[in-house]
Structures are given as structure tokens and as C-alpha cells.
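Asker: Next up is a structure, given as C-alpha cells.
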Amino acid sequence: MSFYYKMVRAPDRYTFKSQLMMNMPLAMFNFIINKGCSAEHSLTETILHYAKQAEENDRQSKQLTDRRRTGTNARLGRTTKPLTVPTPSPCPHT
């Protein structure tokens, strides 16, 4: 009985970069494309740099959205109170 094994080969650089970009979240992909990166013309390191930047931007955006929703300012460690308009006292009738 003889078995034939195929050696697994790593993809070439272009294939790796194009598969990387095709399988990332759409918002991240759009961010990278808007920065002028592409699988054809950019280094893998450049694509990864912008992918990390997109992740950080997304994390900060979610954090700010959560803070707005809960009304907290984590850096100052306090909860903001909603503004209230004082109710005028009734005028005495003369």
C-alpha cells in the first residue's frame, strides 16, 4: 500500500495579501483601501499596520459610544447628571 502525500506550500505574497484583505471585516477593508493600500502594491506590514489602526479606531468609537449611552466620563470617574431646567415658582396674585 502506498500513499502519496502532497506537500503543503505557503501561498505567494500576493495570494496571502489578497486573501487577508478579502477575509477581513468590511469596515476594516474599506479603511485600508481608503488609506491607499492594496494587495497588489502594498507591503504586508503596511496592510497590518492599517488593520491595527482600524481596530483601534473601532475600539475607541465603541468606548465613546458606550460612555455617551451611560453618561459616564471614565477618565474623571464620575457620572454626569442630566441638565434640568428649574421650575419657576408661582407668582403671588395681588
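The values are calculated or read from the model by the stated rules, or taken from the named source; none is laboratory data. Just so you know, these numbers come straight off a predicted model, no measurement behind them. Glycine gets a Cβ as well: all are built from the backbone with ideal geometry, and neighbour counts include every protein chain shown. The accessibility values were calculated without ligands, DNA or RNA, using every heavy atom of the protein model including side chains. Shrake-Rupley method; radii C 1.70, N 1.55, O 1.52, S 1.80 Å.
Asker: What does the C-alpha gyration tensor say about the overall shape of region 1-60? Classify as rounded when a/c is under 1.5, otherwise prolate if a/b is larger than b/c, or oblate.
Answerer: prolate
Asker: Accessible area, 1.4 Å probe, largest first: how do 44, 70, 65 sort? Kindly include the intermediate steps, with their values, before the conclusion.
Answerer: On the way: 44 35, 70 90, 65 60 Å².
Of 44, 70, 65, the descending order of accessible area is 70, 65, 44.
Asker: Still on this structure, I have one more. Express in Å², to the nearest 10, the accessible area of residue 29 obtained by rolling a 1.4 Å probe over the protein heavy atoms while all chains stay in place.
Answerer: 70
Asker: Between residue 70 and residue 48, what is the label-to-label distance in nm when each label sits 7 Å out along the Cα-to-Cβ direction?
Answerer: With each label point 7 Å from Cα toward Cβ, the separation is 3.3 nm.
Asker: Using each residue's phi in region 51-61, evaluate 6.51 cos²θ - 1.76 cosθ + 1.60 at θ = phi - 60° and report the 3J(HN,Hα) Karplus result to the nearest Hz, with x for Gly and Pro.
Answerer: Running phi through 6.51 cos²θ - 1.76 cosθ + 1.60 with θ = phi - 60° gives 5, 5, 5, 5, 4, 5, 4, 5, 4, 5, 4 Hz.
Asker: Under the Karplus relation 6.51 cos²θ - 1.76 cosθ + 1.60, θ = phi - 60°, what is the ordered set of whole-Hz ³J(HN,Hα) values for region 12-29, x standing for Gly and Pro?
Answerer: 5, 4, 4, 4, 4, 5, 5, 5, 4, 5, 5, 9, 8, x, 4, 4, 5, 4
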